[in-house]
1. Would you mind calculating the gained length between Arg138 and His106 on full extension (0.36 nm times residue separation, minus the Cα-Cα distance), in nm to one decimal?
2. Could you compute the FRET efficiency for Val240 and Arg79, with r as their C-beta to C-beta distance and R0 at 25 Å, rounded to 0.05?
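Coordinate-derived values only; no laboratory data. The shown structure was predicted, so the numbers you read here are calculated from the model rather than taken from an experiment. Because the Cβ atoms are built from the backbone with ideal geometry, glycine has one as well, and the counts that use them run over all protein chains shown.
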Amino acid sequence: MQVFKTTLLLTILTLAFLLVGDWLGGQTGMIIALVFAAALNFGSYFYSDKIALRTYQAQAVSREEAPRVYRILENLTGRENLPMPKVYVIPTDSPNAFATGRNPQHASVAVTAGILNLLNDEELTGVLGHELGHVRNRDILISSIAATVAGAIMMIARFAGWAAMFGGFGGERDRGDGGVFGALALMILAPIAALMIQMAISRSREYAADESGAKWTGNPVALARALEKLENYAQVRPMVATPSTAHLFIIQPRARQMFANLFSTHPPIPKRIQRLIGRPSVEYQSTELGG
């Protein structure tokens with residue numbers, strides 16, 4: 001299934017480039033677009049993880065620089081017979097994390113400085129177990145490629161839009177004012193198209209990763225508590241992300257594009273907690289038990 005989804009995303013990207021190439025430059029434009037699409041498909045498969053990490057200025061860290069993260073990951077990967085991923089820290093106070101890479105042998109886990117300061121060891125273990133769940137379930141490749149494809153679709157839509165408005169058509173048809181209006185519509189709808197691609201990956205992968213993290217750590221309450229903390233603290237220090245990469249994170253960051261928040265790439269946190277511990281809130285459970 002993951003191979004099918006990956007192939008589908010790369011096919012969509014290629015068709016998008018061909019259509020815009022034809023629109024802007026006719027047959028010549030399509031040939032140029034095909035070359036660009038082939039290059040981007042290659043880059044999406046082999047370098048989408050590096051693009052995502054660079055987007056957030058993630059820095060590779062050593063064992064000495066992040067001993068908690070290394071200790072937890074080595075414990076979990078040893079227990080589940082997974083290769084040790086590369087470790088990155090994103091320099092932001094907003095708490096979040098994501099995993100990326102094309103397979104378990106080329107996986108990376110990135111955590112923000114904020115999440116290291118916010119969570120205790122049990123909660124951080126739950127989060128890192130969740131991210132390794134993405135690695136074991138092999139949805140890190142499809143997630144990384146989706147980020148690249150969504151970003152590329154928005155890029156070519158903007159390019160086509162500006163070209164249309166400033167008379168940059170080189171195609172064989174005279175599109176007139178209709179082309180300008182079509183270009184404007186394309187620029188507006190591009191972020192929505194990107195989000196639809198992310199949603200098509202299926203939000204069920206977050207539930208599956210939560211389940212894996214809870215199972216491997218043997219502590220679903222700790223992961224549920226971590227999710228609740230992350231959600232609450234993110235209201236105070238929200239992480240601003242590009243809409244093309246928002247789906248990578250363990251909790252959905254705030255997108256910086258118009259229309260980006262109309263669609264959610266993640267299930268609601270209370271529903272995720274409900275699946276983990278049978279209640280929508282850890283705080284509610286603690287209050288009830290205490291009363």
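1. Here the answer is 10.4 nm.
2. Efficiency computed from Cβ-Cβ geometry: 0.10.
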